[in-house]
Ligand SMILES: Nc1ncnc2c1ncn2[C@@H]1O[C@H](COP(=O)(O)OP(=O)(O)O)[C@@H](O)[C@H]1O
Ligand SMILES: [Mg+2]
């Protein structure tokens with residue numbers, strides 16, 4: 001049997017561009033290379049697409065965009081064509097977008113791949129876009145009786161409730177966060193009006209689509225659960241984030257400053273079961289396919305509430321999603337194979 005033709009898409013026009021480079025480098029080192037005929041496609045921060053033929057190290061250290069290794073390319077039905085004197089075409093059976101955040105995790109690239117009739121790993125257009133927008137997630141979770149923090153949505157060009165008015169419905173302290181961002185960009189803990197005004201400005205800056213949330217601060221600690229599957233879904237283990245001071249910010253996530261991760265989570269079996277059950281319910285409610293990491297809080301009374309769902313979670317060998325799957329016996333290279341199998345099962349485009 002011929003090897004499956006796999007396009008690995010990295011970079012992206014997103015504040016999480018550098019996170020994608022790390023995920024992709026780790027992913028490329030782990031994947032069963034003998035099983036796939038791989039093509040790498042880079043997206044720079046300006047949104048340009050390139051066929052990349054360089055090394056994993058250059059990719060990881062953001063030296064990938066050079067004339068020697070990169071050729072501009074355009075999408076065609078079933079693949080890409082390079083833009084050069086003697087154009088080359090590449091056809092794919094499947095694409096793996098190792099992209100995070102805006103344009104990667106929000107249905108945009110998924111829509112492009114649908115139109116090009118290429119199978120792709122992860123959630124489809126609709127479930128990617130609803131899971132990316134934290135206000136839409138709240139609305140749908142309310143419908144599905146999934147517990148979340150109390151919230152209010154502020155719109156950039158609207159008359160929004162004042163600081164005092166918000167206080168009447170949500171007691172301080174608050175978390176202010178963009179509806180459409182990731183990696184904790186633009187997320188602030190707020191205790192007074194001055195902090196609120198600063199936080200609102202910054203959150204709108206990172207959102208880019210003019211919507212931010214005011215959320216009640218959940219007291220407790222953060223846990224996550226890896227979920228995988230199409231019709232039949234399974235969960236990995238749950239992990240736990242221990243934070244010393246503040247919240248799980250960018251430095252905490254990627255440099256482990258003031259943060260430690262325990263997998264499996266050090267929680268009672270009943271809480272563990274409740275978290276896995278809630279994660280599955282959220283996954284189903286958002287109509288997810290392929291994979292998602294569901295992030296939750298364990299409150300002081302031990303009840304579990306949803307924080308958010310990530311449709312393309314970090315994918316380095318030591319990232320949370322692969323670690324939670326490893327904890328149930330699924331090693332990273334085999335996880336990648338299974339995710340590609342799930343992508344091939346699902347109908348795409350006109351097929
Ligand atoms: N309602 C909340 N209560 C307490 N902490 C929160 C709340 N919302 C977010 N946080 C903290 O901020 C971090 C980032 O927020 P999150 O909603 O996960 O956005 P992102 O998509 O940027 O990861 C969380 O990991 C958590 O530490
Ligand atoms: Mg998060």
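Tell me, 123, 179 in order of fewest to most beta-carbon neighbours within 10 Å?
On the way: 123 27, 179 24.
Result, fewest neighbours first: 179, 123.
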- Query: Rounded if a/c is under 1.5, else prolate if a/b is larger than b/c, else oblate: which is segment 42-115, with a ≥ b ≥ c the root eigenvalues of its Cα gyration tensor?
  - Reply: oblate
- Query: On average, how much area does the Cα convex hull of segment 59-217 cover when viewed from any direction, in nm²?
  - Reply: 12.7 nm²
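Expressed in nm to one decimal, what extension gain is obtained for the pair residue 160 and residue 2 from 0.36 nm per residue of sequence separation less their Cα-Cα distance? Don't jump to the answer; show the numbers that get you there.
On the way: separation 158, 0.36 × 158 = 56.88 nm, distance 5.79 nm.
Between residue 160 and residue 2, full extension yields an extra 51.1 nm.
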- Chain lengthening between residue 77 and residue 299 when straightened (0.36 nm per residue, less Cα-Cα): 75.0 nm
- Principal axis dimensions, largest first and in whole angstrom, of the chain by Cα: 65, 45, 39
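So how do 318, 232 line up by other beta-carbon neighbours within 10 Å, fewest first?
Details: 318 12, 232 6.
Lowest count first: 232, 318.
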- Message: Taking the beta-carbon count within 10 Å as an exposure proxy, list 67, 60, 331, 143 from fewest neighbours to most.
- Response: 67, 143, 331, 60
- Before rounding to the nearest 500, sum -39500 (n - 2.57) across all DSSP H runs of length at least 4 in the chain and divide by the residue total; then give [θ] at 222 nm in deg cm²/dmol. -9500 deg cm²/dmol
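Quote the relative contact order of segment 4-121 in percent (integer), defining contacts as alpha-carbon pairs under 8 Å separated by 6+ residues. Show your work: numbers first, answer last.
Values: 228 pairs, mean separation 37.2, N = 118.
Once divided by the residue count of segment 4-121, the mean separation gives 32 percent.
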- Task: Assuming R0 = 30 Å, can you tell me the calculated FRET efficiency for the pair residue 117 and residue 260, based on Cβ-Cβ distance, to the nearest 0.05?
- Result: 0.10
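What number do you get for segment 150-216 when its Cα radius of gyration is normalised by 2.2 N^0.38 Å, N = residues?
Details: Rg = 10.6 Å, N = 67, 2.2 N^0.38 = 10.9 Å.
Computed over Cα atoms of segment 150-216, the ratio equals 0.97.
A short reminder: the numbers here are calculations on the coordinates, not readings from a lab. Worth saying up front: this structure is predicted, and the values here are computed from it rather than measured. Ideal geometry is used to build each Cβ from the backbone, glycine not excepted, and the neighbour counts take in all protein chains shown.
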